[in-house]
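*Asks:* This structure is in structure tokens; I'll ask about it shortly.
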Amino acid sequence: MLTVESLKKSYDDTAGRRSRRPGNEGTRVYAVGGVDFEVHDGELFTLLGPSGCGKTTTLRSVAGLERPTEGRVTLGGRVLFDAEQGINMRANRRGLGMVFQSYAIWPHMTVFKNVSFPLEVLPRTKRPGRREIEERVEQVLDVIELGAYASRPATKLSGGQQQRLALGRALVTRPELMLLDEPLSNLDAKLRETMRFELKRLQRELNLTAIYVTHDQSEALVMSNRIAVMNQGRIEQIGKPREIYTKPATRFVAEFIGTSNFMEAKVVSVDGREVRVDTAHGPLVAGEVDKAPAVGDTVMISIRPECVDLSPERRGNVPNEWSGQVLTRAFLGDVVDHIVGVGDLEIRNRSNPNLSIPPGTEVHFSVAPDKVTLVPVD
């Protein structure tokens, strides 16, 4: 549906140029350094990354609110932007719906008028008749569950209702593609969690194709069909949420998505999809490895805290069993985190709250081979 190819967006480093000697041309700063991805019909595709990684600039380039430096953007066979051919379709002609971080609700209008406004300002040749406008607005209000509030001033809605109103205003134009730029960031934590499922429900029911921008890992994992993890203007990995979490392609992805235990290791043997490594604290076996490294390679081991099986007693018949001492623990409500010291290494375990081991206790822990992830050393 949407294809983005070799997209780049750069800015002149004017501040840097002023600090250099006269005649120096300065440098170009790339907010987006060459990204490629496709968004399929009916898919919620998320651009995830920290502040300043280029995700919003990428979204605004698709929307037509930024002019990229290089690249090509096509939607359903239409060329929206092509740097080589000099094509840059105006934002209001791209037929996209956009929901911004701030809802930009018109405070002097009712809920109904907020939703109908995008239809009422269309060119006369494309503007639906009054009756059709009313029908489409009523349909959208029913979908976002605001039909009972049609005549209410928009400012009298709650935060969650205003978020749905902003979504409804974008939906009423029936766009080919929805663009959502951190639309839940202004909500409190509890409401934000509720609205994740609400947005996902609407996206599925309406079969919306959408690009969603967020820095919130939990939000991305809950809502997305696929995720593109961005860092410093580039995409580090694209995949389904479970794949991104369990099989990170780089250390950055493993660190940014959730929490991980890291240690450096050297490959000592490879047997099919099973890899044996040596670390400074003992041997480990990694199973179900998709792309096996070569013997002698240095790799980074990534182990998620919930995959560390902690026990006060040694079992002896399980792979990857190590011994250590509990350094500290933290009760987090639905889980308990233990920090276990193995020499100068600290391993984080995340357990059911029924298991709570005091600091200073000698313990044993193990990790199933298929939970040991090998990450290439950058």
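The values are calculated or read from the model by the stated rules, or taken from the named source; none is laboratory data. Note that the coordinates shown come from a computational prediction; the quantities given were computed from them, not determined experimentally. Neighbour counts run over all protein chains shown; Cβ positions are idealised from the backbone, glycine included.
*Asks:* If the requirement is being in the same structural domain as Lys126 (by TED's automatic domain parsing), in contact with a helix residue (DSSP H, G or I) (Cβ under 9 Å, 6 or more places away or on another chain) and at pLDDT below 85, which of these qualifies: Gly147, Gly168, Gly160?
*Replies:* On inspection, the qualifying residue turns out to be Gly160.
*Asks:* For residues that are aliphatic (A, V, I, L, M) and over 16 Å from the mean Cα position of the chain (by Cα), scanning just the range 250-269, find the one that is farthest from Gln237 (Cα to Cα).
*Replies:* Val268
*Asks:* Further question on the same structure: Only strands (runs of 3 or more DSSP E) wholly contained in the range 167-280 count here; list those with 3 or more residues that are over 16 Å from Leu59 (Cβ atoms), touching a Leu at 6+ places or on another chain (Cβ under 9 Å) and without any contact (Cβ under 8 Å) to a residue 40 or more places away in the chain.
*Replies:* In the range 167-280, the matching strands (runs of 3 or more DSSP E) lie at 274-279.
*Asks:* Out of the residues in the range 189-216 that are basic (Lys, Arg) and closer than 20 Å to Ser158 by Cα, state the one that is surrounded by the most Cβ atoms within 10 Å (Cβ to Cβ).
*Replies:* Arg196
*Asks:* Just name the residue that is farthest from Glu321 (Cα to Cα) out of those in the range 259-295 that are of a type in the set (A, V, I, L, M, F, W, C) and modelled with pLDDT under 90.
*Replies:* Top of the filtered list is Ala292.
*Asks:* When the residues of the range 296-331 are narrowed to those that are more than 16 Å from Glu264 (Cβ to Cβ), at pLDDT 90 or above and of a type in the set (A, V, I, L, M), which ends up surrounded by the most Cβ atoms within 10 Å (Cβ to Cβ)?
*Replies:* Val308
Residue-wise test of (1) touching a Phe, Trp or Tyr at 6+ places or on another chain (Cβ under 9 Å); (2) of a type outside the set (S, T, N, Q).
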residue	(1), (2)
Ser302	yes, no
Leu310	yes, yes
Arg315	no, yes
Trp322	yes, yes
Val326	no, yes
Ala330	no, yes
Val335	no, yes
Ile339	no, yes
Gly343	no, yes
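*Asks:* Something else about it: So Asp378 passes all but one of these: (1) within 33 Å of the chain's Cα centre (by Cα); (2) modelled with pLDDT of 90 or more; (3) within 16 Å of Phe262 (Cα to Cα). Which condition number does it fail?
*Replies:* So Asp378 meets the others, but not (2).
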